[in-house]
Amino acid sequence: MSKALTMNATDLSAAAPRLPTDWKGDAIKKRIAARYGSERRFRAIGLFAVMLSAGFLAFLLITMMANGLRGFTQTEIRLAVDFPKSALMLDPAALKGFNADQALAGADFEGATATAAEVAFGPDGVHLLSDAAWLKVRDAVKADPGLLARRAEIWVPAAVDIDVAAKETGEPAAEATLAKLKAQGLIKTGFNLGFVTGADSTDPTIVGIWGAFKGSLMTMLVTLVLAFPVGVLAALYLEEYAPRNRWTDLIEVSINNLAAVPSIIFGLLGLAVFLNFMHMPRSAPIVGGLTLALMTMPVIVIAGRNAIKSVPPSIRDAALGIGASRLQVVFHHVLPLALPGILTGTIIGMARALGETAPLLMIGMRAFISSPPSGFTDPATVLPVQVFLWSDEVSRGFVEKTSAAIIVLLLFLLAMNGLAIYLRNHFERRW
Amino acid sequence: MYKSIALIGVAAIALSACNQNGGSQSAARDAIRIVGSSTVYPMTTAVAEQFTRKNPAFKPPIVESTGTGGGMKLFCAGVGADHPDIEDASRRIKKSELEDCAKNGVKEIVEIQIGIDGIILAESNSGTAMKLSPADVYKALAAKPYSKPQTAETWKDVNPALPAIAIKVYGPPPTSGTRDAFGDLIMEKGCNADAATKALKATDEDQYKAICTGLREDGKFVEAGENDNLIVQKLIANPDALGIFGYSFLEENGGKIHGVPLDGITPTYDTIASYDYPGARPLFIYVKSAHLKVVRGLKEFVAEYATAWNKGGYLSRRGLIAAPDDVRAKSLNIATKLTPMDPGSVK
């Protein structure tokens with residue numbers, strides 16, 4: 001071997017005597033510098049790419065946080081309501097019976113609140129308060145009918161322009177009013193509990209995200225319950241049982257294509273099949289879930305097949321060798337080992353479904369719904385659609401609410417991805 | 001492992017069961033369903049909210065913003081729980097839509113005018129304070145002004161009295177009712193200034209429509225999507241540009257933008273209410289008569305609407321302009337008696 005090599009070398013040196021590499025020479029120094037240079041450049045470009053994407057992410061998060069965190073707070077004004085003197089005709093006893101809501105609905109709280117505001121803040125006092133301020137007064141009376149007998153001080157939401165002035169720079173007139181109220185100690189800004197417990201409204205001071213959040217939860221639940229078992233079973237069958245022939249190839253190609261179909265097509269399909277043909281209720285989470293399940297299932301099948309494929313054949317052979325049936329091999333060995341991969345794929349598919357708006361617009365989940373859904377067939381909306389609806393609202397107060405809704409959506413996604421990582425680590429087994 | 005799979009199976013079966021419930025539940029609907037124009041949407045949602053507060057016994061109405069045309073399709077698809085009860089419209093119902101309705105069994109419809117909306121041109125407060133006429137707007141924005149090729153680069157090219165500022169107008173996309181109204185109210189008015197083009201209406205109406213309402217597509221007119229807030233932001237960033245949107249946005253952003261006068265008339269509440277301003281249009285709601293007795297709360301909802309559209313009512317804070325007194329009286333009469341409209345009155 002070495003003889004052959006030296007032979008070869010002598011053949012070459014016959015033409016030009018081979019010199020030992022000159023590591024100090026200019027040419028080689030240049031070449032080495034070029035090699036190191038290109039490596040440094042590549043590292044710099046890679047680092048730049050990472051920094052760029054991190055920068056975009058940071059920009060998104062910082063602007064969202066800067067705008068959106070204000071959406072979780074609310075400016076309130078202390079309003080003194082003199083109930084005995086007000087025009088409110090309400091018997092405290094009536095508020096304890098079954099017809100409490102009816103009695104409250106009949107009473108003119110709107111007028112009483114307006115009068116109280118005029119007494120407290122002058123003739124234009126009503127414009128300092130949110131249009132929905134009287135609802136707070138009504139809730140306070142409902143909670144404690146004893147208030148009706150005395151003068152009470154109730155914190156009510158401030159009007160949008162006062163709210164904007166308290167949080168950032170508003171109109172000069174609103175700023176002046178705010179300063180005056182502040183001097184009197186009649187104003188405070190605190191956490192807006194209504195935002196996390198309420199539903200959609202036309203008034204940004206009483207709007208809430210819970211309705212859309214619950215709608216998203218229900219839709220995701222329907223999607224998961226349908227797409228996960230169907231997707232996993234399909235993946236298992238295709239990998240473990242299906243014969244390799246033209247038909248299974250066709251199915252495989254179809255599933256891959258289905259995963260790449262734009263989501264709006266699934267919306268049209270949902271509209272045609274679930275609403276027009278099966279006559280299911282419009283705007284309901286069940287229809288949204290079914291539509292998104294159609295979209296998510298191919299993703300789960302593909303992820304599931306890859307995870308099942310990566311289980312080593314030696315494990316199957318060993319199990320079969322000691323007498324396990326095919327079914328036992330699949331459920332005792334293959335599926336548990338493939339589960340981390342399947343779950344990761346499922347969560348990625350679900351996260352995509354959570355952020356989806358286009359198919360849901362087609363099936364009517366973009367309606368104005370002022371109460372959270374109480375069942376799968378109740379009309380509902382979902383978080384991304386709520387963001388879309390609020391971004392189109394006229395009132396300035398909705399700008400921060402839109403960002404706040406985006407924060408809620410991002411937290412939901414973060415929780416789902418966190419769950420995926422936890423499940424993967426929990427079920428992961430090494431061999 | 002078996003256990004969890006069994007659990008998923010049970011859940012799936014339970015789900016398919018509640019699925020069937022859903023089918024039968026939709027047959028008896030207890031909430032009012034409203035579809036239609038995105039311009040009327042903020043008014044209807046405000047009324048819906050007030051209606052729910054005043055009548056806690058009824059379920060909150062469901063309002064969907066589909067655009068007038070899309071809403072009409074749903075509204076006219078039939079009678080029954082699967083179909084909406086009320087249609088919001090930013091224009092009057094068309095004859096073809098009425099025929100479609102009748103074909104699907106929607107025979108009697110109550111038509112109520114709720115108020116007036118203004119299509120306005122606006123610019124940033126730091127802009128050049130333009131004064132335009134519908135003819136200027138038409139000549140600057142039409143694809144083929146008076147059948148001639150569009151060559152105007154600046155407003156001065158359109159009318160020598162105007163400043164030499166490059167034409168840049170942000171407006172809604174063709175799917176929007178606001179765009180239709182802009183074409184019908186302002187562009188057509190400018191278009192009719194030319195006698196030859198006006199005469200075309202009698203001979204070739206399609207050609208007339210194309211010449212009068214077709215907007216140029218060379219980047220001078222920018223489609224800014226359905227999001228009118230975005231147009232307001234663009235105007236503030238670019239003082240030389242103009243924007244087209246509904247009056248409510250002008251009112252909400254009064255500190256940053258102002259309306260451009262057309263024919264010397266500034267768009268304000270009063271000039272739009274009196275139809276002096278060229279860009280004023282009526283807004284309607286359409287109610288299915290067949291649903292009035294069946295859907296709980298529908299009559300009360302219409303009654304609530306009738307209290308809201310007056311001058312100084314809460315809808316005026318959302319940008320609705322109250323109709324003249326006689327029109328309001330007529331609408332109130334229809335809303336209380338719920339008289340169906342006469343299909344013959346629609347052209």
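The values are calculated or read from the model by the stated rules, or taken from the named source; none is laboratory data. Everything numeric in this text was worked out from a predicted model, so none of it was measured. Cβ atoms come from the backbone with ideal geometry, glycine included; neighbour counts cover every protein chain shown.
B:Pro239 - would you say it is touching a strand residue (DSSP E or B) at 6+ places or on another chain (Cβ under 7 Å) and in a loop (DSSP other than H, G, I, E, B)?
Here the answer is yes, as B:Pro239 does meet what is asked.
Restricting attention to segment B:27-74, and to residues there that are part of a loop (DSSP other than H, G, I, E, B), more than 8 Å from every other protein chain (Cβ to nearest Cβ) and free of Cβ contacts under 8 Å to residues at least 60 places away in the same chain, which single residue is nearest to B:Asn104 (Cα to Cα)?
Within segment B:27-74, the match that is nearest to B:Asn104 (Cα to Cα) is B:Ala27.
Here are some conditions: (1) without any contact (Cβ under 8 Å) to a residue 40 or more places away in the chain; (2) among the aliphatic types (A, V, I, L, M); (3) within 11 Å of another protein chain (Cβ to nearest Cβ). A:Val119 meets all but one. Which one does it not meet?
Evaluating A:Val119 over (1) without any contact (Cβ under 8 Å) to a residue 40 or more places away in the chain; (2) among the aliphatic types (A, V, I, L, M); (3) within 11 Å of another protein chain (Cβ to nearest Cβ) leaves (3) as the failure.
Of these, A:Val164, A:Val207, which one is modelled with pLDDT of 85 or more, within 12 Å of chain B (Cβ to nearest Cβ) and in contact with a Lys or Arg (Cβ under 8 Å, 6 or more places away or on another chain)?
Step by step, each of A:Val164, A:Val207 is checked, and only A:Val207 is modelled with pLDDT of 85 or more, within 12 Å of chain B (Cβ to nearest Cβ) and in contact with a Lys or Arg (Cβ under 8 Å, 6 or more places away or on another chain).
Among (1) facing chain A (nearest Cβ under 10 Å); (2) surrounded by fewer than 24 Cβ atoms within 10 Å (Cβ to Cβ); (3) closer than 17 Å to B:Leu298 by Cβ; (4) of a type outside the set (Val, Ile, Thr), there is one condition B:Ala77 misses while meeting the rest; what is its number?
Of (1) facing chain A (nearest Cβ under 10 Å); (2) surrounded by fewer than 24 Cβ atoms within 10 Å (Cβ to Cβ); (3) closer than 17 Å to B:Leu298 by Cβ; (4) of a type outside the set (Val, Ile, Thr), only one is false for B:Ala77: (3).
From the list B:Gly259, B:Gly243, B:Gly264, pick out the single residue that is away from every other protein chain (no Cβ under 13 Å), within 18 Å of B:Ser38 (Cβ to Cβ) and modelled with pLDDT of 85 or more.
From the options B:Gly259, B:Gly243, B:Gly264, the qualifying one is B:Gly243.
For A:Leu354, which of the numbered conditions (1) more than 30 Å from B:Pro61 (Cα to Cα); (2) at pLDDT 90 or above; (3) not aromatic (Phe, Trp, Tyr) fails to hold?
It is condition (1) that A:Leu354 fails.
Please go through segment A:375-395 and pick out each residue that is within 22 Å of A:Gly170 (Cβ to Cβ) and either in a helix (DSSP H, G or I) or more than 7 Å from every other protein chain (Cβ to nearest Cβ) (or both).
A:Trp390, A:Ser391, A:Glu393
Of all residues in segment B:267-290, count the ones that are at pLDDT below 90, buried (at least 21 other Cβ atoms within 10 Å of the Cβ), closer than 14 Å to B:Gly115 by Cα and not small (Gly, Ala, Ser).
Number of matching residues: 2.
If we keep just the residues of segment B:282-315 that are without any contact (Cβ under 8 Å) to a residue 12 or more places away in the chain and small (Gly, Ala, Ser), which is nearest to B:Ile109 (Cα to Cα)?
The residue in question is B:Gly313.
Go through (1) modelled with pLDDT under 75; (2) within 14 Å of chain B (Cβ to nearest Cβ) one by one and return the number of the condition A:Ala107 breaks.
(1)
From the list A:Thr402, A:Thr381, which residue is farther than 22 Å from B:Gly70 by Cα, touching a residue at least 12 places away in the same chain (Cβ under 8 Å) and in contact with a Phe, Trp or Tyr (Cβ under 9 Å, 6 or more places away or on another chain)?
A:Thr402
Scan segment A:365-374 and give yes if some residue there is part of a helix (DSSP H, G or I), within 14 Å of chain B (Cβ to nearest Cβ), farther than 21 Å from A:Arg305 by Cα and not aliphatic (A, V, I, L, M), otherwise no.
The answer is no, given that none of the residues of segment A:365-374 is part of a helix (DSSP H, G or I), within 14 Å of chain B (Cβ to nearest Cβ), farther than 21 Å from A:Arg305 by Cα and not aliphatic (A, V, I, L, M).
Identify, from the list A:Pro281, A:Pro285, the residue that is in contact with a Ser or Thr (Cβ under 6 Å, 6 or more places away or on another chain), buried (at least 23 other Cβ atoms within 10 Å of the Cβ), within 14 Å of chain B (Cβ to nearest Cβ) and modelled with pLDDT of 90 or more.
A:Pro285
Output the residue which, of all residues in segment A:325-372 that are under 20 Å from A:Val301 (Cβ atoms) and of a type in the set (Gly, Ala, Ser), is surrounded by the fewest Cβ atoms within 10 Å (Cβ to Cβ).
In this case the residue turns out to be A:Ala351.
Within segment B:269-324, work out how many residues are of a type in the set (Gly, Ala, Ser) and outside any helix (DSSP H, G or I).
Qualifying residue count for the region: 9.
Considering every residue within segment B:83-102, establish whether at least one is crowded, with 24+ Cβ neighbours inside 10 Å, within 13 Å of chain A (Cβ to nearest Cβ) and touching a His at 6+ places or on another chain (Cβ under 7 Å).
Yes: segment B:83-102 contains one or more residues that are crowded, with 24+ Cβ neighbours inside 10 Å, within 13 Å of chain A (Cβ to nearest Cβ) and touching a His at 6+ places or on another chain (Cβ under 7 Å).
Name the helices (runs of 4 or more DSSP H) wholly within segment A:237-344 that hold at least 1 residues that are in contact with a Leu (Cβ under 6 Å, 6 or more places away or on another chain) and of a type in the set (Gly, Ala, Ser)?
A:285-309
Quick check on this structure: which one of A:Ser53, A:Ser86 is small (Gly, Ala, Ser), out of contact with any strand residue (DSSP E or B) (no Cβ under 7 Å at 6 or more places or on another chain) and modelled with pLDDT under 95?
A:Ser86
Is one or more of the residues making up segment A:139-149 in contact with a strand residue (DSSP E or B) (Cβ under 6 Å, 6 or more places away or on another chain), of a type outside the set (Phe, Trp, Tyr) and in a helix (DSSP H, G or I)?
Among the residues of segment A:139-149, at least one is in contact with a strand residue (DSSP E or B) (Cβ under 6 Å, 6 or more places away or on another chain), of a type outside the set (Phe, Trp, Tyr) and in a helix (DSSP H, G or I), which makes the answer yes.
Restricting to segment B:97-142, give me the number of residues that are farther than 20 Å from B:Glu188 by Cβ and either outside the structural domain of B:Ala166 (by TED's automatic domain parsing) or in contact with a strand residue (DSSP E or B) (Cβ under 9 Å, 6 or more places away or on another chain) (or both).
Selection size over segment B:97-142: 27.
Give segment B:235-258 a look and list any residue that's more than 22 Å from A:Asp161 (Cα to Cα) and of a type outside the set (A, V, I, L, M, F, W, C), or say none.
B:Asn238, B:Pro239, B:Asp240, B:Gly243, listed by residue number.
From the residues in segment A:182-200 that are crowded, with 21+ Cβ neighbours inside 10 Å and within 23 Å of A:His127 (Cβ to Cβ), which one is nearest to the chain's Cα centre (by Cα)?
Looking at residues that are crowded, with 21+ Cβ neighbours inside 10 Å and within 23 Å of A:His127 (Cβ to Cβ), I get A:Phe195.
Just give me the residues in segment B:132-163 being more than 15 Å from B:Leu262 (Cα to Cα) and assigned to a loop (DSSP other than H, G, I, E, B), in sequence order.
Selection gives B:Ala143, B:Lys144, B:Lys148, B:Pro149, B:Gln150, B:Thr151, B:Ala152, B:Glu153, B:Pro160, B:Pro163.
Quick check: is even one residue across segment A:306-323 under 19 Å from A:Ala242 (Cα atoms) and crowded, with 24+ Cβ neighbours inside 10 Å?
For segment A:306-323, residues under 19 Å from A:Ala242 (Cα atoms) and crowded, with 24+ Cβ neighbours inside 10 Å: absent.
Checking A:Leu411 against (1) part of a helix (DSSP H, G or I); (2) crowded, with 17+ Cβ neighbours inside 10 Å, which single condition isn't satisfied?
Only one criterion in (1) part of a helix (DSSP H, G or I); (2) crowded, with 17+ Cβ neighbours inside 10 Å is unmet by A:Leu411, namely (2).
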